[in-house]
1. Name the most mobile residue of Asp35, Asp65, Asp106, meaning the one with the largest mean-square fluctuation, in a Gaussian network model of the chain with Cα contacts below 10 Å.
2. Test of understanding: in a Gaussian network model of the chain with alpha carbons linked when under 10 Å, which of Glu42, Glu29, Glu122 would top the mean-square fluctuation ranking?
3. Using the Kyte-Doolittle scale, which helices in the chain average at least -0.5 and also have C-alpha atoms spread 20 Å or more along the helix axis, with helices defined as whole DSSP H runs?
4. Once every DSSP H run of n ≥ 4 in the chain is given -39500 (n - 2.57) and the sum is divided by its residues, what mean residue ellipticity at 222 nm do you get, rounded to the nearest 500 deg cm²/dmol?
5. Looking at the chain as a GNM with Cα springs under 10 Å, which of Pro30, Pro89, Pro53 has the largest mean-square fluctuation?
6. Taking all protein chains in place and a 1.4 Å probe, what share, in percent, of the accessible surface of the chain do carbon and sulfur account for?
7. Express the accessible area of region 1-62 per residue in Å², computed with a 1.4 Å probe while the remaining protein chains stay in the model.
8. Taking Cα pairs under 8 Å and at least six residues apart, what relative contact order does the chain come out at, in percent?
Amino acid sequence: MALRLPRDAASVPLIRQMLDGTLRSLGVEPQVRDDIELMLTEACSNVIKHAAPSDDYTVSASVHDHLCVIRVVDTGDGFDADKVSLPEPGAEHGRGLQIMRALADDIRFSNRREHGAVVCLEKRLRYAPGAAGQHLMTT
């Protein structure tokens, strides 16, 4: 699934609900869905807060080989994830990259020259016993 969304806070719950509904219908365990929801929220929120002058962004998600791969792509100025400073202990803001790194099984950041940033998040899926997704992903 892929959606082009306005760079607006109202877009975050929409994409979150769509992806969660898909993962739920496949029978992905709730804890894994919660982790994916939080990673996605942080990635989208960072675009909304920091991806000026972009007006929109794209979220794509795919499931294959028991892996969920999410790509959040903006058309802002880009950033260097290695140069983002760690927040002070107890800080209310600035922990998005840390949260994504803690929850993702793999995370990659890249910049497209003069065309924004790409955040790629990967999470291994676990399914409830007898879940549809478990059988679909093994065929």
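The values are calculated or read from the model by the stated rules, or taken from the named source; none is laboratory data. Source: prediction; values computed, not measured. To get the accessible areas, we keep the full protein, side chains included, count just its heavy atoms, and leave off ligands, DNA and RNA. Shrake-Rupley method; radii C 1.70, N 1.55, O 1.52, S 1.80 Å.
1. So, out of Asp35, Asp65, Asp106, the one fluctuating most is Asp65.
2. Glu29
3. TM-like helix candidates: 11-26, 30-50.
4. Numbers: 4 runs with 50 residues, N = 139.
Here the helix-only value at 222 nm equals -11500 deg cm²/dmol.
5. With Cα springs under 10 Å in the chain, the top fluctuation among Pro30, Pro89, Pro53 is at Pro89.
6. Details: 4120 of 8020 Å².
Here it works out to 51 percent.
7. Working: 3000 Å² over 62 residues.
Ligands and nucleic acids excluded, the result is 48 Å² per residue.
8. Details: 238 pairs, mean separation 41.8, N = 139.
Answer for the chain is 30 percent.
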